[in-house]
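Chemist: What follows is a single structure, and I will ask about it in a moment.
Here, each number is a calculation from the coordinates, and none is a lab measurement. Quick caveat, the model's predicted, so the values are computed rather than measured. Cβ placement follows ideal geometry from the backbone for every residue including glycine, while neighbour counts extend to all protein chains displayed.
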């Protein structure tokens, strides 16, 4: 019983190259909103948000629609892209059968 439970948790901590690439893109998108003050302006920030939403839908499929929260005023303080990656990663790992 213990070894089966341990294998269940181990599969969540093994990352592929594409998963790490997607995570790094999400971290870049979230940090860029915090670091660059000009992106907090309505026009420039919304352009980055729309580009990030488009990239998330391409990377994550339907889970990428979670990033539509970025268009809500004031939601830029939340790391929405990283949260979307976590949701995508967990749903992807749960879909893989345990060997």
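Chemist: Contour minus end-to-end for residue 90 and residue 32, with contour as 0.36 nm per residue of separation and end-to-end as the Cα-Cα distance?
Modeler: Separation in residues times 0.36 nm, less the Cα-Cα distance, equals 18.4 nm.
Chemist: Ok, one more. So how far apart, in nm, are the two label points at residue 44 and residue 71 if each is 7 Å from Cα heading toward Cβ?
Modeler: Result for the modelled spin labels: 2.3 nm.
Chemist: For region 16-95, what relative contact order do you get, as a whole percent, if you take Cα pairs closer than 8 Å and at least 6 residues apart?
Modeler: Here the relative contact order equals 32 percent.
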